[in-house]
Amino acid sequence: MRALYISLVSEFYKSRKTLAFWAAILLPVIVCGLITFGFYSGSEKILARHYPPMMLWGNYIGAALGVMGLLVMPFYVIFMAFSVNNIEHKNDTWKMLFAQPLNKFSIYAAKYLYAVFLILICLFLFATLTYGFGYLLQVLVPEYNFNQYNPSSILINSYTKLFLSSFGILSLQFILSLLWGDFLKPMGIGFVGTIMGIITANVGWKYAYLNPYSLPTLALRITKVSKNTDPLEFPIFTQEIWTSLIYAIILFIIGYFIVTKKSIK
């Protein structure tokens, strides 16, 4: 555990000034800020629709989730997975990294866990800022009825599903960024995969869940719930989430064998 902790701290110091690190903080602020401004500036039109509190929160949260799940999340994960490993490619420090008195698994696991941590921070900020900015809108526009409904369940469930659904993309892109040190190959494959994932998920292809790039889109679909319950409270561990976790386990193991071979080059 000590070796893993040391490796994690090392990853933080190496990447704390990179775009991937700061994007985890800035993306939620920018996206949530723009959506909040839209709800503030367009308050007259929104109020004219007379949304009940739950539907108003659903529209507000859905605006952030739509942008995050379909576009921002997949591309951020792709770029961040590349960035974490590109530090070693760019400086040609793989040999130096594995020459340290730390076991290879701890070094590899720390890189993967650090990538997971960045995703967690990003989504946590999205959920927190969505909740906070919603109540800020209530203060700025008292005619809104945000304060008449507690959206914590939908926020927790939605962002937990989005977090878990990202593991498939992360694990695949992590391997690609281990194999290739240049920017175009892993990013190009990720871009094409994301477009294909969005298309296959939206056309309703029954095997879309097998494409890891489809999983965030599929995860954000509202599933059926029991009668007499909140329609915004839906199960977390659905088919696409289990698929993402299976991909993560298998690809994590494959990635470990790739990186151990890389260390002896």
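No lab work stands behind these numbers, since they all come straight from the coordinates. Predicted model only: the values in this text are computed from it and were never measured. Glycine also receives a Cβ, built like all others from the backbone with ideal geometry; neighbour counts cover every protein chain displayed.
Observations
- Total charge dipole magnitude, the chain, about the Cα centre, Cβ charges on Lys, Arg, Asp, Glu only, Debye to nearest 20: 760 debye
- Lys/Arg +1, Asp/Glu -1 at C-beta; the chain dipole; positive extreme among Ile189, Leu70, Val259: Val259
- The spacing between the stretch 144-172 and the stretch 50-86, judged by their C-alpha centroids, is 9 Å.
- Length gained when the stretch Phe183-Val9 is fully extended (0.36 nm per residue, less Cα-Cα span): 60.1 nm
- In this Cβ point-charge picture (+1 for Lys and Arg, -1 for Asp and Glu), the stretch 6-98 has a dipole of about 80 debye about its Cα centre.
- Here the label points at Ala99 and Ile236, each 7 Å from Cα along the C-beta direction, are separated by 4.4 nm in the simple model.
- Expected 222 nm ellipticity per residue - DSSP helices of 4 or more, -39500 (n - 2.57), all of the chain, to 500: -25000 deg cm²/dmol
- The stretch 2-262: relative contact order in percent, alpha carbon pairs under 8 Å with at least 6 residues between: 26 percent
- Under 15 Å, Cβ to Cβ, from Asn103 - net charge with Lys/Arg +1 and Asp/Glu -1: +3
- Pairwise FRET efficiency - Leu210 versus Gln138, Cβ, R0 = 45 Å, nearest 0.05: 0.60
- When peptides 36-44, 133-141, 64-72, 173-181 are sorted by average Cβ neighbour count within 10 Å, with the highest value leading, the order is 173-181, 64-72, 133-141, 36-44.
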